[in-house]
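Q: Structure provided below as structure tokens; questions to follow.
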Amino acid sequence: DAMTSLAATLDRPTTPAPLRRAALRVQAEALFARGDYSGAAKVGVALAADAEDEDQQARSELDQLVAVASALARAPETKFEPRRPARIETQRDKANLLRAPVVIQGELINAVLDTGANLSVVSHSTAQALNLTYLPGQTTVASATRTAVPVRIAIAHELNFAGAKFANVPFLVLA
């Protein structure tokens, strides 16, 4: 298991500092991807304490990971209720993005499917229309151009997709 290998690397006292920092960064990102936001924030804080020589961009990305993970750690846990799988119709939009129907808080929307994303993103107006519940505070995330974009985190209490039911689904809301 990759997490066991990372732990072994981190436990070795002879691990060089750059390798240790790289292992901590991978560990934080893996914990975040698994939904262990508290663990990701804890590792991120440890990495930040050991990352005085990192460049400004790497430090900014780390600060963003810790801020988002810390906020999500205070959110209710996402729940998954498997149901009978359902076929869904997908389509490509004008930008060639894959879209499919998703029901959020009882509202049917045509959502972009991004299987590489850790979190879903919605606009402020969409979050309001879906009656998502905002968590306190605001943070930033990096955009494709590396510019910091202000976001808030909101929770969908119910989301249905392809026959599966989810509860307490976090969304990044573009401010």
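Q: So for the stretch 13-68, considering every pair of alpha-carbon atoms, how many percent are separated by more than 18 Å?
A: Here the long-distance tail beyond 18 Å is 26 percent of all Cα pairs in the stretch 13-68.
Q: If I compute solvent accessible area with a 1.4 Å probe over the protein chains, what percent of it on the stretch 73-175 is carbon and sulfur? All intermediate terms of the calculation are to be shown ahead of the outcome.
A: Numbers: 3540 of 6750 Å².
Here it works out to 52 percent.
Q: Within 10 Å, count the other beta carbons around each residue, average over each peptide in 64-73, 78-87, and list them highest first. Kindly include the intermediate steps, with their values, before the conclusion.
A: Details: 64-73: 20.7, 78-87: 9.7.
By packing density, highest mean first, the sequence is 64-73, 78-87.
Q: Using a 1.4 Å probe, how large is the accessible area of THR90, given in Å² and rounded to the nearest 10?
A: Counting only protein heavy atoms, the figure is 70 Å².
Q: Under a straight-distance cross-link criterion of Cα-Cα below 30 Å, which lysines are reachable from LYS94, leaving out those fewer than 8 residues away in the same chain?
A: In chain and number order, the partners are LYS165.
Q: Suppose all protein chains stay in the model; what accessible area per residue would a 1.4 Å probe give for the chain, in Å²? Please report the intermediate quantities before stating the final value.
A: On the way: 10620 Å² over 175 residues.
In whole numbers, the chain has 61 Å² accessible per residue.
Q: Please return the longest range in the chain lying between exposed loop sites, taking GluC sites (Glu not before Pro), DSSP loop only, at most 12 other beta-carbon atoms within 10 Å, and leaving the sites out.
A: Details: sites that count: GLU52, GLU77, GLU89.
It works out to 90-175.
Q: Right, next: Scan (1) 31; (2) 48; (3) 57 for the value of percent of Cα pairs over 23 Å apart calculated from this model and give just the label.
A: Given (1) 31; (2) 48; (3) 57, the structure-derived one carries the label (2).
Q: Using amide H atoms built 1.01 Å from N in the peptide plane, name the residues 5+ places from LEU113, or on other chains, whose amide H lies under 5 Å from its own.
A: LEU98, ARG99, ALA100
Q: With charges set only on the Cβ (+1 for Lys and Arg, -1 for Asp and Glu), what does the dipole of the stretch 61-154 come to about its Cα centre, in debye to the nearest 20?
A: Values: 10 positive and 8 negative charges, 48 e Å.
Computed about the Cα centre, the dipole is about 220 debye.
Q: In what order, largest first, do TYR134, TYR37 sit by accessible area if the probe radius is 1.4 Å?
A: Details: TYR134 60, TYR37 40 Å².
So the residues, ranked largest to smallest area, are TYR134, TYR37.
Q: Run the helix sum for the chain: -39,500 (n - 2.57) per DSSP H stretch of 4+ residues, divided by residue count, reported at 222 nm to the nearest 500 deg cm²/dmol.
A: Working: 5 runs with 65 residues, N = 175.
Calculated mean residue ellipticity at 222 nm is -12000 deg cm²/dmol.
Q: Share of the stretch 5-53's accessible area from carbon and sulfur, percent, 1.4 Å?
A: Solvent-exposed carbon and sulfur of the stretch 5-53 make up 58 percent of the total.
Q: Compare the Cα positions of ALA71, TYR134, SER60 along the charge dipole of the chain (+1 at Cβ of Lys, Arg; -1 at Cβ of Asp, Glu; about the Cα centre) and return the one farthest towards the positive end.
A: Highest projection toward the positive end goes to TYR134.
Q: Report the full-extension gain for the segment ARG99 to GLN128: residue separation times 0.36 nm, less the Cα-Cα distance, to one decimal in nm. Numbers along the way, then the final one.
A: On the way: separation 29, 0.36 × 29 = 10.44 nm, distance 2.10 nm.
Separation in residues times 0.36 nm, less the Cα-Cα distance, equals 8.3 nm.
Q: If you average 1/r across every pair of different Cα atoms in the stretch 34-122 and take the reciprocal, what Kirkwood value do you get, in Å?
A: Values: mean 1/r = 0.0618 Å⁻¹.
Hydrodynamic radius (Kirkwood, Cα only) of the stretch 34-122 equals 16.2 Å.
Q: In nm, to one decimal, how far is the SER5 label point from the LEU108 one, both placed 7 Å along Cα→Cβ?
A: The modelled label-to-label distance comes out at 4.6 nm.
The values are calculated or read from the model by the stated rules, or taken from the named source; none is laboratory data. Small disclaimer: the values here were computed from a predicted structure and weren't measured. When we count neighbours, we look across all protein chains shown, and the Cβ atoms used for this are built from the backbone with ideal geometry, even at glycine. SASA here: full protein model, heavy atoms, side chains in, ligands and nucleic acids out. Shrake-Rupley method; radii C 1.70, N 1.55, O 1.52, S 1.80 Å.
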